Amino acid sequence: MSCVTFFDVFRGYFPRSRVTNVQGATDPVATISPRSRTVQALVTLGWLAALGLLSAVVFAGSLYLSVRAVFLGGEIDVPDVTSRGIEDAREILGRSDLHLEVTSERFDASIASGAVRAQDPPAGAKIKPGRKVRVSVSLGPIKVQIPDVTGQTLRTAQIALQREGLPIGHVTYTHERDVPEDTIIGQDPLPSAPLSPGSAGVPTARPDWDGRVNLLVSRGPEEPQFIMPDLADRPIGQVRAFAERAGLRIGAVRTERVAGMLRGRVIRQYPRAGYPIGEHDIISLVLSE
């Protein structure tokens, strides 16, 4: 049997065995013995497996190089745009295919109004092209008079602040026993010192103040809380007297027939016994008829 090569397999070559006829002459017959078929199949499978493995290695290598190029390649240094005007900063970042995004504005006596006071990522950091660089813009030094709005109503304080060009920031509410409801009991920043004619504002705010005034507002005295007692089997007159003393109100009242129970007694109550209730809350009752 002749030797089978790689090229023979893929061009359809098959070795031919010789058989002897009855006269003793040999005649080529285009048949393949079982052993030859097995060898050919094994060789073919071996080469196919080798090609498959080679293809997998090539694919994995290409994938690795592509991922490396995407995640590790092409990074650039972030330019320094601090102390630059917004348009200058935008132009500088644009040359590196980076985009500027203004995220905040703060008073800063060391940076001119309208210039970048801080940036993220910082100058020199490595990022990919097309990313955003977030900046905080300076409002310049504080030159406003911060009025004292404590003791005023929220609406009056809002008008006083708007007169100075100051918007209201966060408004926080708290119960205060000795301060009427809707009254300002604190502010941040604190009010400025009185100004002499022609003077600039006296800064009492933090250096990074955003120009908004946060307020603390009273909700008045906190309402007393009670634990709802068990009113079951109590007569309605006794329940009404309790509600009046506790500042509660009797709401819906229904009746049901219960054998062996005196008329006008509490069968069920809402809120149920043990629940917290406050002044002016409503009690609903089901009475026996």
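Taking a cut-off of 18 Å between Cα atoms, list the aspartates and glutamates near K126, but don't count ones fewer than 8 places away on the same chain.
Straight-line reach from K126, under 18 Å: E75, D77, D80, D97, E101.
What does the range 102-170 give for Rg and for Dmax, in Å, if only its C-alpha atoms count?
In Å, with Rg to one decimal and Dmax whole: 17.3, 54.
Please compute the Cα-Cα pair-distance distribution of the range 77-138 with 5 Å bins starting at 0, giving whole percents from short to long.
With 5 Å bins starting at 0, P(r) equals 4, 22, 34, 23, 11, 5, 1.
Report, by chain and number, residues whose modeled amide H sits under 5 Å from the one on T255, excluding near sequence neighbours (fewer than 5 apart, same chain).
Here L287 satisfy the definition.
For A118, enumerate residues with amide H under 5 Å from its amide H, sequence gap 5+ or separate chain, H modeled in the peptide plane.
S136
Compute log10 of I(q)/I(0) for the range 225-288 with the Debye formula, placing one identical point scatterer on every Cα and leaving out solvent, at q = 0.12, 0.18, 0.22 Å⁻¹, to two decimals.
Taken in order of the listed q values, log10 I(q)/I(0) reads -0.26, -0.58, -0.84.
Here, each number is a calculation from the coordinates, and none is a lab measurement. Treat the numbers as computed from the prediction; the structure is a model and nothing was measured.
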